[in-house]
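Asker: So that we are looking at the same thing, I have put the structure below in structure tokens.
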2 protein chains.
Amino acid sequence: MKGLPPFAQHFILHWGEMGARWGINRTVAQIQALLFISETPLNAEEICERLGVARSNVSNSLKELQNWGIAKVVHLPGDRRDHFESIRDVHELFRVIAAERKRREIDPTLVRLRACAKEAGATDDPADAYAKEQLESLLGFFELVSEFYEKMNRLPTKSAVHAIRMGDKIAKSIVSLVK
Amino acid sequence: MKGLPPFAQHFILHWGEMGARWGINRTVAQIQALLFISETPLNAEEICERLGVARSNVSNSLKELQNWGIAKVVHLPGDRRDHFESIRDVHELFRVIAAERKRREIDPTLVRLRACAKEAGATDDPADAYAKEQLESLLGFFELVSEFYEKMNRLPTKSAVHAIRMGDKIAKSIVSLVK
DNA sequence: TCTTTATTTCTGTAACGACAGAAATAAATG
DNA sequence: CATTTATTTCTGTCGTTACAGAAATAAAGA
């Protein structure tokens, strides 16, 4: 890792580690971290030498980041090489990540659970009643999560942050309403 | 997969798949799914034959589920074998999962980001100003997420569900307040 | 204490993903 | 159109993880 201040190195390394736990390739996460804290867009070669990874690896990882919608190509005047930059706003970044994770993880599960619940509805063997019931509550939960996501996503960032900050007070008032 | 109705098989297989995307071992996820829809606790042998996996695999996976706090051992009268059951309530289940994921993924990142931000604070090279600033907003975001988690977690399930259901209306009123 | 039964740990194998380096392709400039 | 430069795709290697089967350990009952 050349030409990076220590704190940046530590950050990038940790981000790579955490990415791995999130099911995201270490190099992909490192590049994202690097671009995120980089004021100017970087070209592939620069990314290579700063992180000390192979050119091909960078190429594939950048493509992955673009698939996620996290990084994009920009061109600098008088330079024919592709340059890359990350989404710069933190909230926007996690909005995109959340959307993508929902699309990849929640949505397919919702589809499958609905199909399974339908299948389960057809059988009336009392031995399966419990399984059926559990499946349905699971489906209900995923519907709720999905609904929650949609609502939060429609909010402008500022309001969402406020909603979170005031969350406990709001929730408490709901508790008393429900009672 | 023996002795399971088709819908249960489909559910278990899908859950295993999704587990893999979440960084959870496929067998672990399958066992969890099986236990979740099983009315009675199952012993290791039963899990083996229903899922068609090796005994040792089941043993390790069950230990993993216990580490997560998702499954526990129970003993049936007149049977010395260990039997296992999953948390049965969906909301409780995801509360536990959320807590564990926070502990493994958010908390360490928070610690690291704080350390990096402190490190960054020490340097006053203007070349690093942008990186420093980005790091700080990232930290701010993780603080916010953590705070949100704490608040939601303190709510009883019923209130949390209500809060989500009414989320958009609440949010809209906040928006007008903020204006 | 010996035997049976339950459970865990160990060991080897197979499958998969990450990644470097090479080769191939595509784009740009003279 | 040839040459340089940028980028992607291909190929092989290395390391990791999942997992089955075997061996070892532990617990219970005869």
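Asker: Can you tell me which of B:42, B:65 is more than 10 Å from DNA strand C (Cβ to nearest atom), touching a residue at least 40 places away in the same chain (Cβ under 8 Å) and open to solvent by less than 70 Å² (accessible area, probe 1.4 Å)? Working first, answer last.
Answerer: Values: B:65 fails: touching a residue at least 40 places away in the same chain (Cβ under 8 Å).
The unique qualifying residue is B:42.
Asker: Just checking, which of A:89, A:124 is at pLDDT 95 or above and either basic (Lys, Arg) or surrounded by fewer than 18 Cβ atoms within 10 Å (Cβ to Cβ) (or both)? Before you say what the answer is, go through the steps one by one.
Answerer: Numbers: A:124 fails: at pLDDT 95 or above.
From the options A:89, A:124, the qualifying one is A:89.
Asker: Give region B:96-110 a look and list any residue that's open to solvent by less than 70 Å² (accessible area, probe 1.4 Å) and more than 8 Å from chain A (Cβ to nearest Cβ), or say none.
Answerer: Result: B:96, B:97, B:98, B:99, B:100, B:101, B:102, B:106, B:107, B:110.
Asker: With (1) touching a His at 6+ places or on another chain (Cβ under 8 Å); (2) closer than 30 Å to residue A:17 by Cα as the list, and residue B:24 as the residue in question, which single condition is left unmet?
Answerer: In the conditions (1) touching a His at 6+ places or on another chain (Cβ under 8 Å); (2) closer than 30 Å to residue A:17 by Cα, residue B:24 misses (1) alone.
Asker: Here is a further query. Please go through region B:139-156 and give me each residue that is at the interface with chain A (Cβ under 8 Å from one of its Cβ atoms) and either among the acidic types (Asp, Glu) or more than 21 Å from residue A:88 (Cα to Cα) (or both), ordered by number.
Answerer: Going through region B:139-156, the residues at the interface with chain A (Cβ under 8 Å from one of its Cβ atoms) turn out to be B:140-141, B:144, B:147-148, B:151-152, B:154-156.
Within region B:139-156, B:147, B:148, B:151, B:152, B:154, B:155, B:156 meet the criteria.
Asker: Does at least one position in region B:5-22 carry a residue that is more than 9 Å from every other protein chain (Cβ to nearest Cβ) and assigned to a strand (DSSP E or B)?
Answerer: No; the residues of region B:5-22 include none that is more than 9 Å from every other protein chain (Cβ to nearest Cβ) and assigned to a strand (DSSP E or B).
Asker: Next up: Inspect region B:121-138 for any residue being under 30 Å from residue A:137 (Cβ atoms) and more than 7 Å from chain A (Cβ to nearest Cβ) and give the result as yes or no.
Answerer: Checked region B:121-138: no residue is under 30 Å from residue A:137 (Cβ atoms) and more than 7 Å from chain A (Cβ to nearest Cβ).
Asker: Restricting attention to region B:48-65, and to residues there that are in a helix (DSSP H, G or I) and of a type in the set (A, V, I, L, M), which single residue is nearest to residue B:10 (Cα to Cα)?
Answerer: The initial filter retains those residues of region B:48-65 that are in a helix (DSSP H, G or I), namely B:48-51, B:55-65.
Checking which are of a type in the set (A, V, I, L, M) leaves us with B:51, B:58, B:62, B:65.
Details: B:51: 12, B:58: 20, B:62: 21, B:65: 21 Å.
The selected residue is B:51.
Asker: Same structure, new question: Output the residue which, of all residues in region B:45-61 that are aliphatic (A, V, I, L, M) and open to solvent by less than 40 Å² (accessible area, probe 1.4 Å), is nearest to residue B:74 (Cα to Cα).
Answerer: We begin by selecting, within region B:45-61, every residue aliphatic (A, V, I, L, M); these are B:47, B:51, B:53-54, B:58.
Applying the additional criterion that residues be open to solvent by less than 40 Å² (accessible area, probe 1.4 Å) yields B:47, B:51, B:53, B:58.
Numbers: B:47: 15, B:51: 20, B:53: 22, B:58: 16 Å.
Only one residue fits best here, namely B:47.
Asker: Looking at the structure I just gave you, is residue A:161 in contact (Cβ under 8 Å) with a residue 40 or more places away in the chain, at the interface with chain B (Cβ under 9 Å from one of its Cβ atoms), closer than 30 Å to residue A:40 by Cα and among the β-branched types (Val, Ile, Thr)? Write out each step before concluding.
Answerer: Numbers: in contact (Cβ under 8 Å) with a residue 40 or more places away in the chain: yes; at the interface with chain B (Cβ under 9 Å from one of its Cβ atoms): yes; closer than 30 Å to residue A:40 by Cα: yes; among the β-branched types (Val, Ile, Thr): yes.
Against the criterion (in contact (Cβ under 8 Å) with a residue 40 or more places away in the chain, at the interface with chain B (Cβ under 9 Å from one of its Cβ atoms), closer than 30 Å to residue A:40 by Cα and among the β-branched types (Val, Ile, Thr)), residue A:161 qualifies.
Asker: Only one residue in A:113, A:42, A:93, A:34 is more than 11 Å from DNA strand D (Cβ to nearest atom), in contact with a Lys or Arg (Cβ under 9 Å, 6 or more places away or on another chain) and either within 14 Å of chain B (Cβ to nearest Cβ) or not small (Gly, Ala, Ser) (or both). Which one?
Answerer: Working: A:113 fails: in contact with a Lys or Arg (Cβ under 9 Å, 6 or more places away or on another chain); A:42 fails: more than 11 Å from DNA strand D (Cβ to nearest atom); A:93 fails: in contact with a Lys or Arg (Cβ under 9 Å, 6 or more places away or on another chain).
A:34 is the lone residue from the list that is more than 11 Å from DNA strand D (Cβ to nearest atom), in contact with a Lys or Arg (Cβ under 9 Å, 6 or more places away or on another chain) and either within 14 Å of chain B (Cβ to nearest Cβ) or not small (Gly, Ala, Ser) (or both).
Asker: Output the residues belonging to region A:68-86 that are open to solvent by 50 Å² or more (accessible area, probe 1.4 Å) and in contact with a strand residue (DSSP E or B) (Cβ under 8 Å, 6 or more places away or on another chain). Spell out the reasoning first.
Answerer: Applying the first criterion (open to solvent by 50 Å² or more (accessible area, probe 1.4 Å)) to region A:68-86 yields A:72-73, A:75-78, A:80-82.
The answer is A:72, A:73, A:75, A:76, A:81, A:82.
Asker: If you check A:7, A:11, which single one turns out to be open to solvent by less than 20 Å² (accessible area, probe 1.4 Å), more than 16 Å from the chain's Cα centre (by Cα) and free of Cβ contacts under 8 Å to residues at least 24 places away in the same chain?
Answerer: Going through A:7, A:11 in turn, the sole match is A:7.
The values are calculated or read from the model by the stated rules, or taken from the named source; none is laboratory data. These numbers come from a predicted model, not from an experiment. Cβ coordinates were reconstructed from backbone atoms using ideal geometry, including for glycine residues, and neighbour counts include every protein chain displayed. Each accessible area value is taken on the protein alone, full model and side chains, heavy atoms only, with ligands, DNA and RNA left out. Shrake-Rupley method; radii C 1.70, N 1.55, O 1.52, S 1.80 Å.
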